[in-house]
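Report on one structure; see the data block that follows.
The values are calculated or read from the model by the stated rules, or taken from the named source; none is laboratory data. Model, not experiment: these values are computed from the prediction. When we count neighbours, we look across all protein chains shown, and the Cβ atoms used for this are built from the backbone with ideal geometry, even at glycine.
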């Protein structure tokens, strides 16, 4: 049985393909219309059947629908193969990192004693709907285990928000909560591409005085810290969460600068291939989206194999 918050669309036989409708509803034009409905100042956080019926969409022939679905599927096959290769490479890299960041309990101190600032991000709400001063910000979905990816959302920001929440290269972002206990506390480092962005309140920002951020990121994503989170968190609502107190108490290694540089150096050398693969996947996703959009609007043809 469907929830009353879910609308079911049944394509007319001979007029619309189910796979095509799924792509159409994710297209830029439809997403923009839905965004305007949600951010139109009415305070609504859902859309109605009438809203869906009133969406303006291109009139696409069944033949072109099949071409669009085929083009999308061709990209999916290529991207899927790369993602499979990247996943295998990531497993090998994780095993290497675990060896590099193996420290005894005598070498560990609470994170708060490692010269670090821990700050939560921007609290979202109706007053944050982008209007006069739209600013990009990072969400939980952007912060993966060791890298940052995905579309950049926008919010309304004042000058004081930039002073307080603006990100700089080398900042670390830690996920505050997740339905999967394996994902809580996952950590990624801000790069030059994310400089100046803000970050939401379900992320913690870490800034170290005298610790290499790459070293700190590798440790915070390690099995030792995963075990710490599993021992410290529970849920009654389906969402596992951490707080700044628990984050400040994370065991953290007192490692010399030479040790940190050695660990980071090996990790960088071994992770270069994986980084290039992820960049390739991200680029293919952008091309895939552009090809589908062009076909929807009748601007271009596209290969399907």
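For the stretch 23-31, the criterion of being in a loop (DSSP other than H, G, I, E, B), modelled with pLDDT of 65 or more and closer than 20 Å to residue 126 by Cβ is satisfied by no residue at all. Scanning the stretch 142-158 for residues that are over 11 Å from residue 200 (Cβ atoms) and in a strand (DSSP E or B) returns 148, 154, 156.
So that you can scan it fast, the table gives a plain yes or no per residue for (1) out of contact with any strand residue (DSSP E or B) (no Cβ under 8 Å at 6 or more places or on another chain); (2) surrounded by 13 or more Cβ atoms within 10 Å (Cβ to Cβ); (3) within 16 Å of residue 274 (Cα to Cα):
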| residue | (1), (2), (3) |
| --- | --- |
| 30 | yes, yes, no |
| 33 | yes, yes, no |
| 36 | yes, no, no |
| 48 | yes, no, no |
| 53 | yes, no, no |
| 101 | no, yes, no |
| 104 | yes, no, no |
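For the stretch 110-141, the candidate set comprises residues that are within 17 Å of the chain's Cα centre (by Cα) and in a helix (DSSP H, G or I); within that set, the residue that is surrounded by the most Cβ atoms within 10 Å (Cβ to Cβ) is 140.
When 150, 146 are checked against the criterion of being without any contact (Cβ under 8 Å) to a residue 24 or more places away in the chain and on the phi > 0 side of the Ramachandran plot, 150 stands alone in meeting it. What is the residue count in the stretch 233-279 for residues that are part of a helix (DSSP H, G or I) and surrounded by 15 or more Cβ atoms within 10 Å (Cβ to Cβ)? Qualifying residue count for the region: 13. Checking each residue in the stretch 137-152 for being touching a strand residue (DSSP E or B) at 6+ places or on another chain (Cβ under 6 Å) and under 15 Å from residue 197 (Cα atoms) picks out 137, 138, 139, 140, 142, 143, 148, 152. Among residues of the stretch 45-59 that are at positive phi and at pLDDT 70 or above, none has a Cβ under 7 angstrom from a residue that is in a loop (DSSP other than H, G, I, E, B) and surrounded by 11 or more Cβ atoms within 10 Å (Cβ to Cβ) at a sequence gap of 6+ or on a separate chain. For the residues 144, 77, the requirement of being out of contact with any helix residue (DSSP H, G or I) (no Cβ under 8 Å at 6 or more places or on another chain), at pLDDT 90 or above and either more than 30 Å from residue 17 (Cβ to Cβ) or surrounded by 15 or more Cβ atoms within 10 Å (Cβ to Cβ) (or both) singles out 144.
Criterion applied to 188, 269, 192 was being under 17 Å from the mean Cα position of the chain (by Cα) and under 21 Å from residue 91 (Cα atoms), and the one residue passing it is 188. For the residues 286, 220, 297, the requirement of being under 29 Å from residue 170 (Cβ atoms) and out of contact with any strand residue (DSSP E or B) (no Cβ under 8 Å at 6 or more places or on another chain) singles out 286.
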